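Worksheet for the structure shown next.
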Amino acid sequence: MAVVKLENVCKYFGSTPAVRDFNLESHEGEFVVLVGPSGCGKSTTLRMIAGLEDIDSGTLSFDGRPMQDVPVQDREIAMVFQSYALYPHRNVFENLAFALKLRRFPKAEIERRVRNAARTLDIEPLLERKPRELSGGQRQRVALGRAIVREPAVFLMDEPLSNLDAKLRVNMRAEIAKLHRRIGVTTFYVTHDQVEAMTMGDRIVVMNGGVIQQIATPLTLYDEPVNSYVAGFIGNPPMNFLSGEVGEAAGRIHGPGFEFRVEPSLQQQLARLDRREVTIGFRPEHLKPQPDDAYSVMGTVRGTIELVEQMGSTTDIRFMVDGHPLIAELPRDQTLQIKQPIELGLLAGHLHVFDSETGERLNVVAPKASADSARSDSPRGGPGPAVSAAGSRPG
Ligand code: ATP
């Protein structure tokens, strides 16, 4: 287990910045997920931690020990990649033992480590098999085993599940999370899949264009995105966005097809924005059918249904509000029809307000959510840095 610290780390390919001013200090044994769209710099960051890419500026340390000049083989790391390329002519035992043999570990130690890893991963009965005699999930477990036998201080995983089919991915992600809990090694995990990030990470680093947008626990990212980029990236179905004007001394936010009363606590925060245009965001599950006295709503949004998706447990609708497509996740309902006009209420306390120019969040969250996330942000007692960076708009 190690504390991995990156300070002001930058990486350029030619004149193109791939990673800019990356700052992060892991906790010991933490599972850190780097997530973002293709080309945002996730793999480059991981490769710099591994020593496979040089750092142009900034510093990298493991447990306070500078790492920039330490060669890959001396960094006490183990990597698992998307293409796990097992040796086809060696059996599972030999695949697991290979790196240890190269390093001239004693035979008894190799035997001990391989057996331990096989037990941890539940692949003991497969040790005599060749890779072609294994399923995709079993092969991926062998690839993890090759990393485990190294008994590293840091695990680095780059999209290790992307070759697997959807169902296997879900199973393997649970297995990796369990494995991490069992062996407790500090892990950096790269994925472009926000569901994978949300379900696996102790903390998640959301990146875009080489820049960290936010570092936080899954629920903090979900409840308190620092900008509209993070708000739109995290969550499935994604957050809805509309442009609106702050009016009546910040007592309401309105636009074509919607009008929300602003709660007194939020009103204070938005007072300086009176008559300004803002981007508002709200999640599909916070829209509720109207009229319904069971909910405390801030106001309503009116549109026309374009698509009804029966999900089994919910009915999702895609509807247009003044030319803007929105999504609502509603209680199961078989009466909703395409082209039907619809009016939905927005649950109180679930409005996100962003600066229309910079995308930055303008309102703080309701006290309850704040207290929850403050607790969860620091799972191991350390400070939970929330980093925001400018330059993002809803996509
Ligand atoms: P993906 O999910 O597609 O793997 P990523 O977020 O991991 O993307 P990186 O592979 O880190 O992104 O790439 C970041 C940027 O650096 C991209 O613009 C990419 O084109 C560029 N880049 C990466 N490696 C090189 C290289 N060896 N030479 C030149 N440019 C590179």
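A few points about this structure:
- Assigned charges on the beta-carbon of Lys, Arg, Asp, Glu; the chain dipole about Cα centre (debye): 1660 debye
- Taking the Cα centre of the stretch 234-355 as origin and assigning +1 to Lys and Arg Cβ atoms and -1 to Asp and Glu Cβ atoms, the resulting dipole is close to 100 debye.
- Measuring r between the beta carbons of Gln337 and Ser162 and using R0 = 41 Å, the FRET efficiency lands at 0.60.
- Among Gly145, Phe155, Met172 the positive-end extreme of the charge dipole of the stretch 96-213 (Cβ point charges): Gly145
- Viscosity 1.567 mPa s, 4 °C: Kirkwood-radius Stokes-Einstein D of the chain over Cα pairs, µm²/s: 56 µm²/s
- The coefficient of translational diffusion for the stretch 4-223, derived via Stokes-Einstein from the alpha carbon Kirkwood radius under 10 °C and 1.306 mPa s, stands at 89 µm²/s.
- When the charge dipole of the stretch 234-355 is built from unit charges on Cβ atoms (+1 for Lys and Arg, -1 for Asp and Glu) and taken about the Cα centre, the candidate among Pro256, Ile338, Val321 whose Cα reaches farthest toward its positive end is Pro256.
- A straight Cα-to-Cα reach below 24 Å connects Lys101 with the lysines Lys130, residues fewer than 8 places away in its own chain not being considered.
- Efficiency of FRET between Arg115 and Tyr87 - r from beta-carbon atoms, R0 30 angstrom, step 0.05: 0.95
- The stretch between Met320 and Met1 holds 109.8 nm of extra length on full extension. This uses 0.36 nm per residue minus the Cα-Cα distance.
- Taking trypsin sites (Lys or Arg not before Pro) as exposed when their DSSP state is a loop state and no more than 12 other Cβ atoms lie within 10 Å, the longest site-free interval of the chain runs over 105-274.
- Antiparallel DSSP beta bridges within the chain, percent to nearest 5: 80 percent
- Computed extension length for Gln73-Glu25: 15.1 nm, one decimal, from 0.36 nm per residue of separation with the Cα-Cα distance subtracted.
- Note on the stretch 234-355: Cα-only Rg and Dmax are 14.3, 44 Å.
- Straight Cα distances below 17 angstrom link Lys42 to the lysines Lys5, Lys11, with same-chain residues fewer than 8 positions distant left out.
- Using the Karplus relation 6.51 cos²θ - 1.76 cosθ + 1.60 with θ = phi - 60°, the per-residue 3J(HN,Hα) values for the stretch 101-107 come to 5, 4, 8, 6, 5, x, 4 Hz, with x marking Gly and Pro.
- Note on Val364 and Tyr12: the extension gain reaches 123.2 nm, defined as 0.36 nm multiplied by sequence separation minus the Cα-Cα distance.
- Amide proton proximity set for Met157, modelled H, under 5 Å, gap of 5+: Val80, Phe188, Tyr189, Val190
Quick note: the coordinates plus some simple rules give every number you see, no bench work behind them. Please read these numbers as outputs of a predicted model, since none were measured by experiment. When we count neighbours, we look across all protein chains shown, and the Cβ atoms used for this are built from the backbone with ideal geometry, even at glycine.
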